[in-house]
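**Q** If you scroll down you'll find the structure; I have some questions about it.
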Amino acid sequence: MFILLPLLLLATVPPHNPPPVATVTLGNGKTVTVVGPGPVQWADIVVDWELSNLAYSPDHKFAAVQFTFSVAKGYNSAIYLVRPDGSTFRLASDTVFSIEWTSDSKYILGFGGNTLRLWNLNGGLKQLTVSSIDKHNLVGNKIYLEVPTFGSDGCQNGEWLRAYSIPSLKQLSSAPVPFTKNEGCGIQR
């Protein structure tokens, strides 16, 4: 009886989807299949990954494939770089909401809630952390971030536009953005 019960419980677990797959065709005509991560245990549930972004470098020599899963109190991301020879590898520290290539096809930018990550084509990583990122705009070799500021009451009381150089992520400038505070904001953070 004790052996049979766990087997019955296992039989009632619904099957999970196979890992997600992305088919990438690079500019040189090479087609590569990228297989994402398999299901993961998150707290008391099993979660399947899904393909969320396939971003080709502007010169179409490389591609970045992003798989994600999201649950009530968690989010994860897996990003794979596809090289011209068809090889792939997963980038380190890849939990970001979105990815974007620089115009020179040399770097991938990843944007999280308060983190900017920059990977080179060998997987090298630079990272910048700010209080929060509201918006971003990539222009040439500069990335502009709109970074909110908050008062002691937890309400947003301002916004700054900060410019950083690529690939150093050195801050070039910072200027306030016109902002109207919501007087009855409560805690918005």
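**Q** Regarding segment 111-120, can at least one residue be identified that is out of contact with any Lys or Arg (no Cβ under 8 Å at 6 or more places or on another chain), part of a strand (DSSP E or B), surrounded by fewer than 16 Cβ atoms within 10 Å (Cβ to Cβ) and at pLDDT below 95?
**A** No: segment 111-120 contains no residue that is out of contact with any Lys or Arg (no Cβ under 8 Å at 6 or more places or on another chain), part of a strand (DSSP E or B), surrounded by fewer than 16 Cβ atoms within 10 Å (Cβ to Cβ) and at pLDDT below 95.
**Q** I need the full set of residues from segment 135-166 which are in a strand (DSSP E or B), among the hydroxyl-bearing types (Ser, Thr, Tyr) and either touching a Gly at 6+ places or on another chain (Cβ under 6 Å) or more than 20 Å from residue 104 (Cβ to Cβ) (or both), in order please. Explain how you work it out, then say what you get.
**A** Residues of segment 135-166 that are in a strand (DSSP E or B), as a first pass: 135-139, 142-150, 156-165.
Among the residues that remain, those that are also among the hydroxyl-bearing types (Ser, Thr, Tyr) are: 144, 149, 164-165.
Across segment 135-166, the qualifying residue is only 149.
**Q** Let me ask something else about it. Residue pairs, Cβ under 6 Å, 6 or more apart or interchain, first in segment 100-113 and without any contact (Cβ under 8 Å) to a residue 40 or more places away in the chain and under 15 Å from residue 76 (Cβ atoms), second among the basic types (Lys, Arg) and surrounded by 19 or more Cβ atoms within 10 Å (Cβ to Cβ). List them.
**A** 110/117
**Q** Determine which member of the set 107, 144 is buried (at least 17 other Cβ atoms within 10 Å of the Cβ), of a type in the set (Phe, Trp, Tyr) and out of contact with any helix residue (DSSP H, G or I) (no Cβ under 8 Å at 6 or more places or on another chain).
**A** Numbers: 144 fails: buried (at least 17 other Cβ atoms within 10 Å of the Cβ).
Answer to the selection: 107.
**Q** Which residues, taken from segment 16-51, are of a type in the set (S, T, N, Q) and modelled with pLDDT of 95 or more? Outline the logic, then answer.
**A** Step one: filter segment 16-51 for residues of a type in the set (S, T, N, Q), giving 17, 23, 25, 28, 31, 33, 41.
Listed by number, the residues that qualify are 23, 25, 28, 31, 33.
**Q** Follow-up question, since we're still on this one. Check residue 94 against each of (1) buried (at least 17 other Cβ atoms within 10 Å of the Cβ); (2) among the acidic types (Asp, Glu); (3) more than 9 Å from the chain's Cα centre (by Cα) and name the one condition it does not meet.
**A** Every condition holds for residue 94 apart from (3).
**Q** Turning to a different aspect of this structure: For segment 61-80, how many residues meet the condition of being more than 12 Å from residue 50 (Cα to Cα), outside any loop (DSSP other than H, G, I, E, B) and small (Gly, Ala, Ser)?
**A** Qualifying residue count for the region: 3.
The values are calculated or read from the model by the stated rules, or taken from the named source; none is laboratory data. Being a predicted model, the structure only gives us computed values, none of them experimental. Positions of Cβ are generated from backbone atoms using ideal geometry, with glycine treated the same way; all protein chains shown enter the neighbour counts.
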